[in-house]
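Everything below concerns the one structure shown next.
The values are calculated or read from the model by the stated rules, or taken from the named source; none is laboratory data. Bear in mind the structure is a predicted one, so any value in this text is a computation, not a measurement. FYI the Cβ positions are ideal-geometry reconstructions off the backbone, even for glycines, and counts take in every protein chain you see.
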Amino acid sequence: MKKLLFSILCASPSLLFAQGSQVNLQSPKAVGMGGAGSAYFLDESSIFYSPGALAKMDHNAISVAGNAVMYKSAFQEVGSTVVYHTRNQISTPFSLFAAFGPKNSWWKAGIGVYTPYGGAVDWGKDWVGKFSLVSLSLRAIYIQPTLSFKLTENFSVGGGFVYNIGTVDLENSVPVFYPDGHAGLATLKGTGTGTGYNVGIHYNLEDEFAISVSYRSKVVTKLKNGDANFDVPESVASNFPAGNKFSAELPLPSTFAVGMAFPISEKLKMAIDATLINYDIYKSLDFDYKENTPVLQDTHSPKKYDKAGSVKAGLEYIASDCLQLRIGGGVIATPVQQSAYVYPETPDNTRYLISGGFTVKPSPKIDVTGSFAYQRIVARQSTNVESHLSGTYATNIFAPGIGVSYKW
């Protein structure tokens, strides 16, 4: 029992750290170009992608965008013909950006509220891995005030302080059974906070060639006094203290990104982004419970994550002053190099991305942008080191989105 609870309570929030949880949907314009565009788009979303570019805006603006991320995964256990599927779950990452300051000035200020990490998955209570995971929903909301300065006509720098509010809601089955045969249920809910920063530089030439370099720091989110509740038969309830609390630290990784943009023709532009994500910060996951029993002890679970990266590229076709069309794609490497550390929260592997989008301008002050992204995670067989769940995962992710921007 102790070993089983160890795997349940330690493996659970792994979604925070694998590629499945990183939400690169802050700008529907960039999403339409495969997630590239940090050097190309000089707008309020630069608060996230490249704070140095913000000062080059010649106007003020506010924008809001939202997405409906649908995560669909399947699992087939080794030696079985039965295939289990996740239930329909939609997570809704969002972004709100505002940029303001004197027009055509040497500085610009802004604020962003966005969700760079998050997701939702529900395998249900009847699948073979229910003692590893039933469901998980999480979200990291970053609040980032930002300042950006134009040092020359071509070169600008910027940065902002990040305050994170993170939430986790997890369910796992527990192998203790009621008289009718159904298993007990563990529910963990917690809210934590953390701080960090985001800095960047932007350089452009007269022929529209531009390069952007940005660094987003790690954010160590500290969960304190989270709720650990157990729905178990009365005969074993003493091993699962009612109203128990837990604390943990969840390190969200830093990223280093380089972007490039250049014209192919008068109406066709291209952007390329490369990103290194320092997932190797995730060394272990430790839980400290307010009340311990011989079954429920504080836990330490080592992890084996490596640095990972991605390359994304996209094209924008300027059809007219009122319409732009976009297409893009990318390759995203997994930080989970050892298959023994694949978990059902996000059965990660190398993934491939394609996307498209558009912007229409019903007036000179309003932009309406739509996007759609699809990711295919390469099927992967795994025997988990903690739960010993063994089988093959296959996953698809769909993410339609829309955004509106108002300029003045």
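Where residues in the range 153-187 are touching a Phe, Trp or Tyr at 6+ places or on another chain (Cβ under 9 Å) and of a type in the set (Ser, Thr, Tyr), which of them is surrounded by the most Cβ atoms within 10 Å (Cβ to Cβ)?
Selected residue: Ser156.
Would you confirm whether or not the range 322-335 contains a residue that is surrounded by fewer than 19 Cβ atoms within 10 Å (Cβ to Cβ) and among the hydroxyl-bearing types (Ser, Thr, Tyr)?
no
Going through the range 102-117 one residue at a time, which ones are under 22 Å from the mean Cα position of the chain (by Cα) and more than 24 Å from Val64 (Cβ to Cβ)?
Matches in the range 102-117: none.
Considering each residue of the range 376-408, count those that are within 23 Å of Gln76 (Cα to Cα), part of a strand (DSSP E or B) and either in contact with a helix residue (DSSP H, G or I) (Cβ under 9 Å, 6 or more places away or on another chain) or of a type in the set (Ser, Thr, Tyr) (or both), and give that number.
Selection size over the range 376-408: 10.
Go through the range 330-348 and count every residue that is under 19 Å from Gly129 (Cα atoms) and either assigned to a loop (DSSP other than H, G, I, E, B) or among the charged types (D, E, K, R) (or both).
Adding up the residues that qualify gives 7.
Per-residue answers, yes or no, for (1) on the phi > 0 side of the Ramachandran plot; (2) among the small types (Gly, Ala, Ser); (3) assigned to a loop (DSSP other than H, G, I, E, B); (4) at pLDDT below 90:
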site	(1), (2), (3), (4)
Thr193	no, no, no, no
Val199	no, no, no, no
His202	no, no, no, no
Ser214	no, yes, no, no
Leu223	no, no, no, yes
Ala228	no, yes, no, yes
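Please enumerate the residues belonging to the range 308-322 that are part of a strand (DSSP E or B) and not acidic (Asp, Glu).
Ala308, Gly309, Ser310, Val311, Lys312, Ala313, Gly314, Leu315, Tyr317, Ile318, Ala319, Ser320
Go through the range 81-132 and give me each residue that's within 14 Å of Ile47 (Cα to Cα) and among the basic types (Lys, Arg).
Lys108
For the structure I just gave you, tell me whether Leu133 is in a loop (DSSP other than H, G, I, E, B) and over 17 Å from Thr193 (Cβ atoms).
yes
If I ask for residues that are touching a strand residue (DSSP E or B) at 6+ places or on another chain (Cβ under 7 Å) and of a type outside the set (S, T, N, Q), which ones from the range 363-377 would you list?
Selection gives Lys365, Ile366, Asp367, Val368, Gly370, Phe372, Ala373, Tyr374, Arg376, Ile377.
Conditions (1) within 20 Å of Asn292 (Cβ to Cβ); (2) surrounded by fewer than 15 Cβ atoms within 10 Å (Cβ to Cβ); (3) without any contact (Cβ under 8 Å) to a residue 40 or more places away in the chain; (4) of a type in the set (Phe, Trp, Tyr), marked per residue:
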| site | (1), (2), (3), (4) |
| --- | --- |
| Ala210 | no, no, no, no |
| Val219 | no, no, no, no |
| Ala228 | yes, no, no, no |
| Val236 | yes, no, no, no |
| Gly243 | yes, yes, yes, no |
| Ser247 | yes, no, no, no |
| Leu250 | no, no, no, no |
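Among the numbered criteria (1) in a strand (DSSP E or B); (2) among the aliphatic types (A, V, I, L, M); (3) in contact (Cβ under 8 Å) with a residue 60 or more places away in the chain, which single criterion is violated by Val360?
(3)
In the range 129-151, which residues are at pLDDT 95 or above and of a type in the set (Ser, Thr, Tyr)?
Tyr142, Thr146, Ser148
Quick grid of which residues meet (1) among the aliphatic types (A, V, I, L, M); (2) in contact (Cβ under 8 Å) with a residue 12 or more places away in the chain; (3) farther than 30 Å from Phe177 by Cβ; (4) not in a strand (DSSP E or B):
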position: Ile62; (1), (2), (3), (4): yes, yes, yes, no
position: Ala98; (1), (2), (3), (4): yes, yes, yes, no
position: Val121; (1), (2), (3), (4): yes, yes, no, no
position: Tyr142; (1), (2), (3), (4): no, yes, yes, no
position: Phe161; (1), (2), (3), (4): no, yes, yes, no
position: Ile165; (1), (2), (3), (4): yes, yes, yes, no
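With respect to Glu171, determine if the residue is free of Cβ contacts under 8 Å to residues at least 24 places away in the same chain and out of contact with any Asp or Glu (no Cβ under 8 Å at 6 or more places or on another chain).
no
Evaluate the following for Ser371: is it touching a Pro at 6+ places or on another chain (Cβ under 6 Å), modelled with pLDDT of 85 or more, at negative phi and crowded, with 18+ Cβ neighbours inside 10 Å?
Yes.
Please go through the range 363-375 and pick out each residue that is touching a Lys or Arg at 6+ places or on another chain (Cβ under 8 Å) and either of a type in the set (Phe, Trp, Tyr) or assigned to a strand (DSSP E or B) (or both).
Ile366, Asp367, Val368, Thr369, Ser371, Gln375
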